[in-house]
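Structure, as structure tokens:
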Amino acid sequence: MSLLPFNSEKIVNQPKAVWAVFFASIIAFMGIGLVDPILPAISNKLGASPSEVTLLFTSYMAVMAVTMLFTGFVTNKIGIKRTLLLGAVIVALFSTLAGLSNNVWTIIGLRGGWGLGNAFLVATALTALVTLSKKGSAKAIIMYEASIGLGFSMGPLLGGLLGEISWRGPFLGVGVLMAVAFISLITLMPKVKEHKTQTTVKSSSSLLDPFRAMNNHAILTFGIIAFLYNFGFFTLLSYAPFVMGLDAYGIGLVFLGWGILLAITSIFVAPKLQHKFGTIRSMSVILTLFAVLLLIIGIWVSTQWVVIVSIILSGAFIGNNNTLITTGVMHASSIEYPTVSAAYSFLRFIGAAIAPALAGVLSVIFSPHIPFIVGGFFVIGAVIFLLLNRKHIQHVDKT
């Protein structure tokens, strides 16, 4: 299915329930990048090495990835609204406990619990937006990717601002914001009844459904591309704070610029690229440019302005690709949205979980150059895999 060029009226004119879910999604995605500016501070205050601190991403993403496989089943049992509320409660609880902890390994464990809640939120939010939206699934997916962009842009800024006060501030801040999201969901969102749109949004009835979905060539192809791409993405997100040479506020500002570009391109630019050039061609070019930026950072990691400019510019490529690949996979088959989201998200976030841990290890064994170079080659691998398997996904540009 082609995304039509962006129409702001079609996006804005949505029910209140859609905006409640949109807000909760923003807070959920804020939690991913929120710790970026305070990683060096946590390392200094708690006496932890960079390789240990990057595990804050690994535990979070690993639990999130595995939980994604079961979100559709849970949603089927308790409903979309209750699943979102459950996720909000878990995130608020574990983020608050992390902010009150004094041991890095305790925080790493609590971040895993945080990832559990986030999985229920982000996977179910996509289903909820598609279900509740009055403007079609394509516009709902753009809203979902917009929440990613806004969350990623505001998360580091909030982390930087609160991190200047204390490294605990960002964790406690998410707890408060997620409590607000809980209230908005419980008051503005009705009990969602499943109904059919262009593709059914019925939730997974079996725990095996996401595994069966991976037998679909198109879903598996998009999932592996996302795995390789997210390896580079989360290498940048988790390890860049250690090479910028900035304080928490400075890191937050850099990632604010990065996140603004991510949000703008995911909402405004990606639909136009897909409409004019198609998903496969657009992704091939964008991923190649992103890989080049990672290699530039890796080569000139000691040159501060090159690193900062490259990080900010990478937001444009990440924003475009996020929308293109999510829209592509959601329209690649006739399988239910929640099942596709669960299978795809599992593969997507497994890459995001491995990358931070490997980046920390590579920097210790070799040098700060190597994590970014390795991340760049993983993204190049995504381009190669896409081109070699384009026959499995080329139909998304014809429907």
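The values are calculated or read from the model by the stated rules, or taken from the named source; none is laboratory data. Small disclaimer: the values here were computed from a predicted structure and weren't measured. Glycine also receives a Cβ, built like all others from the backbone with ideal geometry; neighbour counts cover every protein chain displayed.
Residue count for the stretch 298-313 under the criterion of being of a type in the set (Ser, Thr, Tyr) and crowded, with 19+ Cβ neighbours inside 10 Å: the result is 1.
Every listed requirement among (1) of a type outside the set (Val, Ile, Thr); (2) in contact with a His (Cβ under 9 Å, 6 or more places away or on another chain); (3) surrounded by fewer than 21 Cβ atoms within 10 Å (Cβ to Cβ) is met by ARG281 save one, (2). Out of the residues in the stretch 251-273 that are in contact with a Phe, Trp or Tyr (Cβ under 7 Å, 6 or more places away or on another chain) and buried (at least 24 other Cβ atoms within 10 Å of the Cβ), state the one that is farthest from SER314 (Cα to Cα). For the stretch 251-273, the residue satisfying everything is PRO271. The residues of the stretch 328-375 that are part of a loop (DSSP other than H, G, I, E, B) and touching a Ser or Thr at 6+ places or on another chain (Cβ under 9 Å), listed by number, are HIS331, ALA332, SER333, SER334, ILE335, GLU336, PRO368.
Residues are listed down the side, and each one gets a yes or a no for (1) buried (at least 22 other Cβ atoms within 10 Å of the Cβ); (2) under 17 Å from SER153 (Cα atoms); (3) hydrophobic (A, V, I, L, M, F, W, C); (4) without any contact (Cβ under 8 Å) to a residue 40 or more places away in the chain:
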residue: TYR249; (1), (2), (3), (4): no, yes, no, no
residue: HIS275; (1), (2), (3), (4): no, no, no, no
residue: ILE296; (1), (2), (3), (4): no, no, yes, yes
residue: THR327; (1), (2), (3), (4): yes, no, no, no
residue: ALA352; (1), (2), (3), (4): yes, no, yes, no
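Return yes or no: is ILE365 farther than 24 Å from ALA263 by Cβ, surrounded by fewer than 24 Cβ atoms within 10 Å (Cβ to Cβ) and without any contact (Cβ under 8 Å) to a residue 40 or more places away in the chain? Here the answer is yes, as ILE365 does meet what is asked. Cβ-Cβ contacts under 9 Å between residues 6 or more apart (or on different chains), taken from a first residue in the stretch 69-81 that is under 12 Å from PRO338 (Cβ atoms) and at pLDDT below 85 to a second residue that is part of a helix (DSSP H, G or I) and of a type in the set (Asp, Glu), are listed as GLY72/ASP209; PHE73/ASP209. When restricted to residues that are small (Gly, Ala, Ser) and either within 22 Å of ALA20 (Cα to Cα) or at pLDDT below 90 (or both), the stretch 82-105 contains 4. Considering only residues in the stretch 269-290 that are under 18 Å from the mean Cα position of the chain (by Cα) and either at pLDDT 95 or above or acidic (Asp, Glu) (or both), the one that is farthest from ILE370 (Cα to Cα) turns out to be MET283. Identification of helices (runs of 4 or more DSSP H) wholly contained in the stretch 199-296 with 1 or more residues that are among the aliphatic types (A, V, I, L, M) and in contact with a Leu (Cβ under 6 Å, 6 or more places away or on another chain) yields 217-239, 248-264, 270-277.
In summary, ALA24 fulfils each of the numbered conditions (1) of a type in the set (Gly, Ala, Ser); (2) within 20 Å of ALA179 (Cα to Cα); (3) modelled with pLDDT under 85 with the single exception of condition (3).
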